[in-house]
Ligand SMILES: Cc1cc2nc3c(=O)[nH]c(=O)nc-3n(C[C@H](O)[C@H](O)[C@H](O)COP(=O)(O)OP(=O)(O)OC[C@H]3O[C@@H](n4cnc5c(N)ncnc54)[C@H](O)[C@@H]3O)c2cc1C
């Protein structure tokens, strides 16, 4: 099989992982990114003033049950142990999240054991709601009004910019409460933080003699014709110049501030109340507990509707967006030699491990199809 020339639009995890696999199979790969750095939204860099490693586009914690993905990331970077433990301020007190036995006992001023707490929460739940349709109904049915209002209502409203009664019940799939003292945010087998940051890892993934990286380079559709195939990890609607309108996203604003020592004592502090305009504060030095820095850098995080010049963070995916999405999916199906990948190309929220899994599968599927002389579809992972 002759070698091909392929373009990756986006030097995030999707573009880097697919590009690396194709380069290792003897193909020539060009990776372009409109930004001046690699790693996409998991980009990390050292703050010049404090020396702290900063998660520039918001906190990123690596967690997975996928052993192959874990081996993959460890091939390019040393991961040091890191468990995500989140705190929340609401009603003038600090609690641990996700809601666990400590949170429940502290919130209600009790000393309940697991069985008592379960019965107690069941008694709080609004059992008159038999078929919850909205996020609010689901939360009321699971945990009752007091916990809902303290921990879910304000936070969700700030995060999504609408009342929880306008969001689907499916957002809260399971009972968001634990009846023990386990406050690990994730249950995954493998969890950690890259010793030198995510960007160092992505730089190493891209460090291959058959990969050329061009930063500060925005993709133009005409460029596609110069390559045998394009893997596009930019926004799906952006590929079509927003011809049908814009897919809705939430964007984030980060208000940076510095201090000396330890500002809040943990990496992430959520703010549950509507009266506090930000959703959380991240103190980045806590993501690298093996490092020591005198100074500290924090981000106050504000969520709002994404405008044309903003960075798209979270796809909204309500009914109106899904209708528009299905139209763009149809347009994409008509394109040739382009595969839409990653979180923006498929308009889905994807964790990093899922992004890598999908990128490995996309590259593997592409190589197998090429061997058989079959065309590559517009989507390997369906957006809808
Ligand atoms: C606030 C936030 C927190 C997160 N926290 C976690 C976490 O804790 N754990 C976890 O596992 N995951 C987390 N994620 C998810 C993680 O960021 C994604 O899984 C990952 O970034 C997806 O990689 P990607 O390559 O698909 O997309 P991206 O990282 O978005 O990369 C796409 C790249 O394409 C470039 N691009 C776009 N359009 C063009 C164009 N026209 N021309 C050239 N370049 C273009 C962009 O500049 C970008 O660099 C978080 C996401 C967000 C938003």
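The values are calculated or read from the model by the stated rules, or taken from the named source; none is laboratory data. The structure displayed is predicted, hence computed values, not measured ones. When we count neighbours, we look across all protein chains shown, and the Cβ atoms used for this are built from the backbone with ideal geometry, even at glycine.
Take segment 212-223 and flag every residue that is surrounded by 14 or more Cβ atoms within 10 Å (Cβ to Cβ) and either more than 18 Å from residue 35 (Cβ to Cβ) or at pLDDT 95 or above (or both).
Across segment 212-223, the qualifying residues are 212, 213, 217, 219.
Pairs please, first residue from segment 50-62 and without any contact (Cβ under 8 Å) to a residue 24 or more places away in the chain, second anywhere and in a loop (DSSP other than H, G, I, E, B) and more than 6 Å from the ligand (Cβ to nearest atom), Cβ atoms under 7 Å, 6+ apart in sequence or on different chains.
56/43
Go through (1) under 20 Å from the mean Cα position of the chain (by Cα); (2) not in a helix (DSSP H, G or I) and name the single condition residue 321 misses.
If we test residue 321 against (1) under 20 Å from the mean Cα position of the chain (by Cα); (2) not in a helix (DSSP H, G or I), just (2) comes out false.
What do you reckon, is residue 146 closer than 24 Å to residue 269 by Cα and more than 23 Å from the chain's Cα centre (by Cα)?
Considered against the rule, which asks whether it is closer than 24 Å to residue 269 by Cα and more than 23 Å from the chain's Cα centre (by Cα), residue 146 comes out as yes.
Among (1) part of a helix (DSSP H, G or I); (2) more than 16 Å from the ligand (Cβ to nearest atom); (3) surrounded by fewer than 17 Cβ atoms within 10 Å (Cβ to Cβ), where does residue 329 come up short?
(3)
So, of the residues in segment 104-125 that are buried (at least 16 other Cβ atoms within 10 Å of the Cβ) and out of contact with any strand residue (DSSP E or B) (no Cβ under 8 Å at 6 or more places or on another chain), which turns out to be nearest to residue 268 (Cα to Cα)?
Per the criteria, the residue is 105.
Of all the strands (runs of 3 or more DSSP E) wholly in segment 1-104, which have at least 2 residues that are farther than 23 Å from residue 213 by Cα and either within 11 Å of the ligand (Cβ to nearest atom) or modelled with pLDDT under 95 (or both)?
62-64
Here's the yes/no breakdown for (1) surrounded by 14 or more Cβ atoms within 10 Å (Cβ to Cβ); (2) out of contact with any helix residue (DSSP H, G or I) (no Cβ under 8 Å at 6 or more places or on another chain):
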{"residue": "149", "(1), (2)": "yes, yes"}
{"residue": "155", "(1), (2)": "yes, yes"}
{"residue": "167", "(1), (2)": "yes, no"}
{"residue": "177", "(1), (2)": "yes, no"}
{"residue": "187", "(1), (2)": "no, yes"}
{"residue": "201", "(1), (2)": "yes, no"}
{"residue": "207", "(1), (2)": "no, yes"}
{"residue": "210", "(1), (2)": "yes, no"}
{"residue": "225", "(1), (2)": "no, yes"}
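If the Cβ limit is 6 Å and pairs must be 6+ apart or interchain, which residue in segment 309-320 that is within 16 Å of residue 344 (Cβ to Cβ) pairs with which residue that is assigned to a loop (DSSP other than H, G, I, E, B) and more than 13 Å from the ligand (Cβ to nearest atom)?
Here the result reads 316/248, each pair linking segment 309-320 to a residue that is assigned to a loop (DSSP other than H, G, I, E, B) and more than 13 Å from the ligand (Cβ to nearest atom).
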